[in-house]
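Only one structure is covered here, and it is reproduced in the block below.
Bear in mind these aren't lab numbers, they're just calculated from the coordinates by the rules spelled out. What you are looking at is a predicted structure, and each value in this text was computed from that prediction instead of being measured. Here the Cβ positions follow ideal geometry from the backbone for every residue, glycine too, while neighbour counts run over all protein chains shown.
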Amino acid sequence: MIVGVGIDLVEVARVARACDRFGDRFLRRLFLEEEIRYCQSFADPSPHLAARFAAKEAVSKAFGTGIGPHLGWQDIEVRRRESGQPYVVLHGKGARLLEARGGRLVHLSLTHTESHAAAVAVIEGVQEPSIAAR
């Protein structure tokens with residue numbers, strides 16, 4: 001069962017400007033240490049940061065909360081499997097929200113070009129019982 005779907009599109013230049021203007025304060029407010037380390041391993045971290053920004057927004061939209069009092073930037077972490085596939089780890093409020101909504105997994109897809117980054121998040125929940133089983 002699908003609990004929620006979210007999508008977000010971000011201009012890479014907007015994230016790059018925020019990094020230039022606010023530096024480490026901006027990065028540490030939005031991203032966890034491993035996310036920052038991964039993105040900064042590239043010659044141009046901006047597209048990778050923008051993709052993670054879009055991912056966090058997409059997850060928050062899938063929950064229907066947006067980023068705010070019910071779900072914060074640090075509650076959503078984007079990781080990568082050895083294959084390169086991104087996945088979401090929810091912390092704190094995010095983990096509690098997933099449980100409260102009956103979710104069990106957040107599927108994530110990321111893409112970016114030189115100018116834009118996008119993400120789609122799908123929250124999968126537990127299967128509803130069939131009508132016959134009720």
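If the chain linking residue 70 and residue 109 were pulled fully straight, counting 0.36 nm for each residue of separation and taking away their Cα-Cα distance, it would gain 11.7 nm. The relative contact order of the chain comes to 36 percent, based on Cα pairs under 8 Å that sit 6 or more residues apart. Put the Cα centre of the range 65-93 next to the Cα centre of the range 3-37 and the gap is 12 Å. The loop-placed trypsin sites (Lys or Arg not before Pro) in the range 68-110, going by DSSP, that have at most 16 neighbouring Cβ atoms within 10 Å of their Cβ come out as 81, 101. Each of residue 82 and residue 1 was given a label point 7 Å from its Cα along the Cα-to-Cβ line. The distance between the two points is 3.6 nm. Here the Karplus relation 6.51 cos²θ - 1.76 cosθ + 1.60, evaluated at θ = phi - 60°, turns the backbone of the range 73-83 into coupling constants of 4, 7, 7, 10, 10, 9, 10, 10, 6, 4, 6 Hz, with x for every Gly and Pro. Dipole magnitude for the chain: computed about the Cα centre from +1 point charges on Lys and Arg Cβ and -1 point charges on Asp and Glu Cβ, it is near 320 debye. Sites listed here are chymotrypsin sites (Phe, Trp or Tyr not before Pro) in the range 35-87 whose DSSP assignment is loop and whose Cβ has at most 13 other Cβ atoms within 10 Å: 42. Extension gain for residue 40 to residue 28 (0.36 nm times residue separation, less C-alpha to C-alpha distance): 3.0 nm.
I want to verify a result. In a Gaussian network model of the chain, Cα cutoff 10 Å, which of these has the top mean-square fluctuation: 40, 74, 85? Of 40, 74, 85, the most mobile in the Gaussian network model is 85.
Applying 0.36 nm per residue to the separation of residue 99 and residue 126 and subtracting their alpha-carbon distance, the gain on full extension is 8.7 nm.
For the range 11-87, the dipole from Cβ point charges (+1 on Lys and Arg, -1 on Asp and Glu) about the Cα centre works out to 140 debye, to the nearest 20.
Calculate the dipole size of the range 1-53 relative to its Cα centre from +1 charges on Lys and Arg beta carbons and -1 charges on Asp and Glu beta carbons; express the result in debye to the nearest 20.
So the dipole magnitude of the range 1-53 works out to roughly 200 debye.
Rounded to the nearest whole Hz, the Karplus-based 3J(HN,Hα) values (6.51 cos²θ - 1.76 cosθ + 1.60, θ = phi - 60°) of the range 34-46 follow the sequence 5, 5, 5, 4, 4, 5, 6, 6, 9, 4, 10, x, 4, with x at glycine and proline. In the elastic network of the chain, a GNM with C-alpha springs shorter than 10 Å, the most mobile of 41, 115, 83 is 83.
Backbone geometry of the range 14-21 corresponds, through the Karplus equation with coefficients 6.51, -1.76 and 1.60 at θ = phi - 60°, to 3J(HN,Hα) couplings of 5, 5, 4, 5, 5, 5, 5, 6 Hz, x marking Gly and Pro.
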